[in-house]
Amino acid sequence: MLADFLIRNTLEVLTCAGPAPRRGSAQADARPIPRAAVAASQGRIVFIGFESLLEREVQLDPNAVVIDAHGGAVVPGFVDPHTHVVFAGDRREELRRRLTGTTYAEIAADGGGILGTVVATRAANEAALAAATRHRLDEMLRCGTTTCEAKSGYGLTMESELKMLQVIRALAADHAIEISPTFMGAHELPFEYREHRRTYIDLVIREMIPAVARQGLAEWCDVFCEFGVFTADESREILQAGRRAGMKLRIHAEEFGLSGGSEVAADLAVRSADHLIFVDKAGAQGLAAAGVVATLLPIASFYLKLGRFAPARMLIEHGVPVALATDVNPGGGFSPSMPFAMALGCFGMNLTFEEALVGATINAAYSLDCHDRVGSLEPGKQMDAVIVDGPAIDLVRVGAATIRAVIKKGKVVGPR
């Protein structure tokens with residue numbers, strides 16, 4: 001077979017190959033191959049195996065790009081399945097307040113939180129919003145993310161929600177990161193509808209969702225099922241409307257308490273239930289039975305100073321596939337780094353390194369329903385990879401320059 005791209009001289013390649021999603025003991029199966037090579041043609045993997053077999057199996061194009069891993073490890077490009085990367089404004093002052101002991105709820109009651117970002121995002125034009133978002137995507141790329149999800153939800157009007165989704169579409173067309181768009185008009189109740197709750201829910205269901213679907217702007221529909229935001233019944237109604245419009249479903253669930261979000265997730269068999277900091281064993285059993293992925297966001301727990309992380313071990317023990325994400329956002333997702341999410345998964349949620357890696361790659365890809373093309377290194381899939389400057393476990397060395405190169409579709413795209 002002919003190849004135009006090759007990675008050689010590796011310590012090992014953790015392929016994460018095989019069926020998805022991984023659950024239970026299989027969550028730890030990263031499928032390592034020692035001293036392996038990976039070859040690709042036109043952005044697709046054509047060979048992965050012992051480098052000693054390379055010459056027999058692969059013919060290199062005379063102009064092929066050959067990368068020497070210098071004895072480092074190779075892992076799949078990271079998939080970040082939960083981000084609010086599109087926004088305007090700056091809420092770092094809230095971080096300062098949080099460090100003095102002010103809670104998330106108190107900040108929101110003072111007009112901060114999500115609604116603070118809504119004001120800035122509504123005021124920003126598409127060009128400014130796209131420029132700010134591109135910078136954040138570049139940060140994510142340098143940290144090894146090659147595929148991500150991006151939500152609307154900081155507009156909360158028809159015009160502003162469509163503006164956010166149009167920015168996502170434009171960036172997806174020319175940024176190295178592959179982007180999966182999510183409509184989240186049900187992120188919060190806007191100021192102007194605080195006394196007209198039902199009117200806003202009807203606006204989301206009857207006007208926003210159909211408009212988004214007509215323009216083909218979103219693959220997913222999401223809702224924030226939480227105390228003080230949207231109830232379980234309201235969340236179910238909104239998600240059902242999204243499904244009728246042709247969108248796939250995900251849900252913010254049990255972030256600050258047992259809100260009923262995991263029950264909605266199981267009842268509707270959504271693809272992903274996210275946060276799950278307060279999910280209990282009954283909720284885990286329901287998620288497992290319905291085949292729902294638990295997308296966990298340890299960076300948000302860390303920066304929001306919640307004092308606890310999602311019970312990843314319990315979820316795995318109950319057969320729920322676990323994915324990891326950064327939750328990049330202006331209020332609690334201050335890190336663009338999937339390796340940092342993996343480190344917190346290991347040291348805050350008691351995952352093994354291999355479980356965290358699977359959560360950041362193939363299970364994350366399954367969470368976004370793109371596991372057929374990304375999330376693992378195996379023939380036929382995209383040549384999306386991260387070359388580590390050392391053994392793979394060095395990825396959890398927070399703050400160290402452990403990523404030697406980021407590859408997307410057979411092209412080196414980072415670090416820059």
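The values are calculated or read from the model by the stated rules, or taken from the named source; none is laboratory data. No experiment lies behind these values; they were computed from the predicted model shown. Virtual Cβ from ideal backbone geometry, glycine too; neighbours counted across all protein chains shown. Remember, those area values only see protein heavy atoms, side chains included, never the ligands or the DNA or RNA. Shrake-Rupley method; radii C 1.70, N 1.55, O 1.52, S 1.80 Å.
Against the definition (under 16 Å from Ile179 (Cβ atoms), among the acidic types (Asp, Glu) and touching a residue at least 12 places away in the same chain (Cβ under 8 Å)), how does Asp138 come out, yes or no? Yes. Inside the stretch 65-104, residues that are of a type in the set (A, V, I, L, M) and within 23 Å of the chain's Cα centre (by Cα) make up a count of 8. Scoring Leu297 on the criteria (1) open to solvent by less than 10 Å² (accessible area, probe 1.4 Å); (2) in contact (Cβ under 8 Å) with a residue 60 or more places away in the chain; (3) over 17 Å from the mean Cα position of the chain (by Cα) leaves a single failure, condition (3).
Checking each residue in the stretch 150-168 for being more than 11 Å from Val86 (Cβ to Cβ) and in contact with a strand residue (DSSP E or B) (Cβ under 8 Å, 6 or more places away or on another chain) picks out only Leu156.
Across the stretch 302-331, the qualifying residues are those that are within 15 Å of the chain's Cα centre (by Cα) and farther than 19 Å from Val270 by Cβ, and the one among them that is surrounded by the fewest Cβ atoms within 10 Å (Cβ to Cβ) is Asn329. Identification of strands (runs of 3 or more DSSP E) wholly contained in the stretch 1-109 with 2 or more residues that are open to solvent by 20 Å² or more (accessible area, probe 1.4 Å) and among the acidic types (Asp, Glu) yields 59-68.
The set of residues in the stretch 259-280 that are touching a residue at least 24 places away in the same chain (Cβ under 8 Å) and among the hydrophobic types (A, V, I, L, M, F, W, C) comprises Val264, Ala265, Ala266, Leu268, Val270, Leu276, Ile277, Phe278, Val279. Of all residues in the stretch 106-135, those satisfying the criterion of being out of contact with any Phe, Trp or Tyr (no Cβ under 9 Å at 6 or more places or on another chain), among the charged types (D, E, K, R) and at pLDDT 95 or above are Glu126, Arg134.
When the stretch 110-129 is filtered for residues that are outside any helix (DSSP H, G or I) and open to solvent by less than 70 Å² (accessible area, probe 1.4 Å), the ones remaining, listed by number, are Gly111, Gly112, Gly113, Ala124.
Every condition in (1) in contact with a Ser or Thr (Cβ under 9 Å, 6 or more places away or on another chain); (2) farther than 12 Å from Gly153 by Cβ holds for Ala218 except the one numbered (2). Glu354 meets the stated requirement of being charged (D, E, K, R), open to solvent by 10 Å² or more (accessible area, probe 1.4 Å), closer than 30 Å to Val279 by Cα and touching a residue at least 40 places away in the same chain (Cβ under 8 Å). The criterion of at least 1 residues that are surrounded by 24 or more Cβ atoms within 10 Å (Cβ to Cβ) and either at pLDDT 95 or above or small (Gly, Ala, Ser) (or both) is met by the following helices (runs of 4 or more DSSP H) wholly inside the stretch 185-286: 209-215, 232-244, 261-268.
Quick one: would you say Ala132 is out of contact with any strand residue (DSSP E or B) (no Cβ under 9 Å at 6 or more places or on another chain), assigned to a helix (DSSP H, G or I) and open to solvent by less than 60 Å² (accessible area, probe 1.4 Å)? In short, yes.
Scanning the stretch 140-197 for residues that are more than 20 Å from the chain's Cα centre (by Cα) and aromatic (Phe, Trp, Tyr) yields Phe191, Tyr193.
Results for (1) open to solvent by 10 Å² or more (accessible area, probe 1.4 Å); (2) under 20 Å from the mean Cα position of the chain (by Cα), shown as yes or no for each residue.
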{"site": "Phe347", "(1), (2)": "yes, yes"}
{"site": "His371", "(1), (2)": "yes, yes"}
{"site": "Met383", "(1), (2)": "no, yes"}
{"site": "Lys411", "(1), (2)": "yes, no"}
